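Right, one structure below, let's go through it.
None of the figures in this text is laboratory data; all of them are computed from the coordinates on show. Computed from a prediction, not measured in an experiment: that's the story for all the values here. Positions of Cβ are generated from backbone atoms using ideal geometry, with glycine treated the same way; all protein chains shown enter the neighbour counts.
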């Protein structure tokens with residue numbers, strides 16, 4: 001079989017974040033039928049640090065021009081059979097529009113990969129973001145959704161021929177958590193929309209009751225957020241770990257028995273996949289694809305609900321058998337549906353039909 005030359009436009013795998021991790025897994029997967037040409041579209045933005053609107057617009061604009069220059073150069077060399085464009089939405093949709101228009105003009109197949117979970121919300125609004133997203137999807141060859149809610153929303157508008165659903169992948173991990181360890185772990189950007197404030201509020205009460213347990217918060221944060229958290233923490237058994245490498249994060253997670261992610265919004269969070277692979281007992285909000293990921297093998301809660309966070313934590317803290325059962329079931333599912341091998345085959349079939 002002749003190799004396919006796929007031009008992947010995405011954040012660098014050296015960056016933090018779910019899309020960067022996806023890029024690393026897909027491009028490093030050992031296979032013989034795809035040549036990747038990577039054009040990185042990251043702006044070195046860190047959601048936890050915060051950026052001004054001017055910097056976001058200016059930064060995205062410079063990256064867009066740089067990406068288009070690289071894309072045209074590779075096209076002239078004949079190195080592109082199809083383009084795979086990842087996006088996290090928002091202002092990035094403007095950059096996406098120019099890449100998609102270039103592909104359409106040159107008759108190059110383009111897969112448009114939506115790596116964010118706000119699509120159903122966006123589609124309800126008749127604003128610039130909604131109109132631009134719809135136009136980008138219409139002009140792309142195919143569009144990939146990473147969660148069921150996004151898929152169903154877009155199928156209603158564009159049909160199931162254009163819209164595909166493909167989950168994020170994960171490599172097999174030799175590490176395994178010890179379900180008897182009395183540690184709870186949050187992993188993600190330490191920002192309001194991840195439910196950090198509600199989590200701290202809940203643990204301020206539970207930490208006094210379960211003094212032999214520790215809540216660990218892992219992820220990058222701004223100086224302002226750190227100072228605010230320090231002022232709001234009223235217990236000694238809450239540990240703000242901060243930013244770690246991906247490998248160190250996995251190792252750290254394995255020293256915890258419970259994983260919690262009380263986000264307001266998600267698409268297909270890699271941190272949940274990693275917790276499943278590590279056989280951790282999971283508590284997470286019912287947003288994005290999380291419900292379908294863990295099914296009945298974890299505890300789902302509502303966003304911004306401190307009471308439900310406390311109830312879920314109490315249930316798992318008091319029941320080590322349930323923690324083990326949840327962890328074992330999650331590991332089985334992740335090996336069946338979410339390994340890089342399984343996901344890569346789905347992507348490869350999509351690239352073939354886009355050429």
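In the chain, the longest principal axis of the Cα atoms and the axis of helix 18-28 are about 60 degrees apart. Sorting 131, 323 from the fewest to the most surrounding beta carbons within 10 angstrom yields 131, 323.
The value of relative contact order for the range 217-257, using C-alpha pairs under 8 Å at least six residues apart, is 58 percent. Only DSSP H runs of four or more residues enter the estimate; each adds -39500 (n - 2.57), and after division by the residues of the chain the mean residue ellipticity at 222 nm equals -14500 deg cm²/dmol. Judged by the mean number of other Cβ atoms found within 10 Å, the most tightly packed of the peptides 214-227, 253-266 leads the ranking 253-266, 214-227. Protection proxy ranking, highest mean first, for peptides 298-311, 135-148: 135-148, 298-311, where packing is the per-residue count of other beta-carbon atoms within 10 Å, averaged. Annotation: the residues 175, 71, sorted from fewest to most other C-beta atoms within 10 Å of their own C-beta, follow the order 175, 71. What's the angle, to the nearest 10 degrees (0 to 90), between helix 340-354's Cα axis and the longest principal axis of the chain? It is inclined by approximately 20 degrees. Here the alpha carbons of the chain define both size measures, Rg and Dmax, at 20.7, 66 Å.
The fewest-to-most ranking of 246, 113 by surrounding Cβ atoms within 10 Å reads 246, 113. What shape does the range 167-314 take by its C-alpha gyration tensor, where a ≥ b ≥ c are the square roots of the eigenvalues and a/c under 1.5 counts as rounded, a/b above b/c as prolate, and the rest as oblate? It comes out rounded by the Cα gyration axes. The value of relative contact order for the chain, using C-alpha pairs under 8 Å at least six residues apart, is 17 percent. Using the Cβ-Cβ distance between residue 124 and residue 175 with R0 set to 35 Å, the FRET efficiency from 1/(1 + (r/R0)^6) comes to roughly 0.30. Let's test the formula: R0 of 35 Å, r as the Cβ-Cβ distance of residue 28 and residue 162. What FRET efficiency results, to the nearest 0.05? Computed FRET efficiency for residue 28 and residue 162 comes out at 0.75. The long axis of helix 148-158 is offset from the longest Cα principal axis of the chain by roughly 30 degrees.
In terms of its alpha-carbon gyration tensor, the range 251-355 comes out prolate; a/c meets the 1.5 threshold, and the first ratio a/b outweighs b/c. Bridge orientation summary for the chain: considering DSSP beta bridges with both residues in this region, about 0 percent are antiparallel.
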